[in-house]
1. Counting just the residues of region 100-119 that are surrounded by fewer than 24 Cβ atoms within 10 Å (Cβ to Cβ) and under 11 Å from SER61 (Cα atoms), which one comes out nearest to the ligand (Cβ to nearest atom)?
2. Just one of (1) at pLDDT 95 or above; (2) closer than 21 Å to GLU172 by Cβ; (3) not β-branched (Val, Ile, Thr) trips up PRO72, so point out which.
3. Quick one: would you say PHE45 is at pLDDT 95 or above, out of contact with any Cys (no Cβ under 9 Å at 6 or more places or on another chain) and of a type in the set (Phe, Trp, Tyr)?
4. Looking for whichever is touching a residue at least 12 places away in the same chain (Cβ under 8 Å), open to solvent by less than 20 Å² (accessible area, probe 1.4 Å) and more than 12 Å from the ligand (Cβ to nearest atom) here; the options are ILE93, ILE153. Which one fits?
5. Kindly indicate the residue of region 47-73 that is away from the ligand (no atom under 15 Å from the Cβ) and of a type outside the set (A, V, I, L, M) and also nearest to PHE145 (Cα to Cα) among those meeting that condition.
6. Working only within region 1-48, note down all residues that are open to solvent by 40 Å² or more (accessible area, probe 1.4 Å), closer than 15 Å to ALA257 by Cα and of a type outside the set (Gly, Ala, Ser).
Amino acid sequence: MFGVVTRNEDELEWSEFDAAFYEVKDVTGRAAEPVAGGTNMISCFGDNAAVEADPELAPVSADGERATRERPYFDWAYVCPTRADYREGILEIVSDAAAQNPDVRLDDVGFPRAEYCHCERCTAQFEASDFDDRFAWRADVITEFVAEAADRIPGRTYLTLYPDPYPGHLYERAGLDLDALAEYVDEFVVPLYDMAYTTTYWLETIASGFEDALDAPFSVELYAVDVDVDNLIHAAEVADAYAETVLFGYDASNARAALRRLKAESRDGVSHG
Ligand SMILES: [Zn+2]
């Protein structure tokens, strides 16, 4: 199956796509109204606008560094996952999305990195918890959030993963316990973005790593903007060997061109593999 990820509602209906995802809230904090014609996507703990308005929302490391774009390894600002009022707001957006379309995709779920979060609230909650291990406590916080979100999602619950399948890495980095999450998540989504896809061996390596790491099905999301159509087709064929659905991000026209050629070539017996 092949699908699209877009911010443009009209592209959700294009007949070439078997699946369509619509960005309702992204990491800038920009929010749109959820739609009925596609799976609504919600950036949960990535939100520049919210953190700009209230810097106290950002997680802090033990050294007191906030997880914002000022840090060299963050492209957007994060919100601390134990912040109850913000969580409630996200869960309301999930409910609103689910009222439009039964399937919902959760993006940017988790702690920003292993050294987060040491805010006063997190430290107090950890100390009051039954956990002796901070990583185990963090994973419990995230699993509980996903469970609460999934409870509001009548259809399929999708969860986007940072593309690191090495054993233990997502758990340590973000507090994502894949086995525990699989109880609430119907399908994971792994973005494997490249600006050109001139090579694809790494795509295969990462996808096969996730095949080992996950018991649940997963889809692969490719970056379609300005990518040469032949390269995009080749990347899609590699991903398709592992993925439930191959999704094309943010350039529906290029994605449609790739799918039309892919279908024409499969009719003619041409293979890119
Ligand atoms: Zn915190």
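The values are calculated or read from the model by the stated rules, or taken from the named source; none is laboratory data. All values reported here derive from a predicted model rather than from experimental measurement. Cβ placement follows ideal geometry from the backbone for every residue including glycine, while neighbour counts extend to all protein chains displayed. Surface accessibility is based on the protein's heavy atoms, side chains included, excluding ligands, DNA and RNA. Shrake-Rupley method; radii C 1.70, N 1.55, O 1.52, S 1.80 Å.
1. Looking at the filtered set, the residue picked out is CYS119.
2. (1)
3. On the way: at pLDDT 95 or above: yes; out of contact with any Cys (no Cβ under 9 Å at 6 or more places or on another chain): no; of a type in the set (Phe, Trp, Tyr): yes.
Answer is no for this residue.
4. ILE153
5. Across region 47-73, the extreme among qualifying residues is ASN48.
6. Residues satisfying the conditions are TRP14, ASP18.
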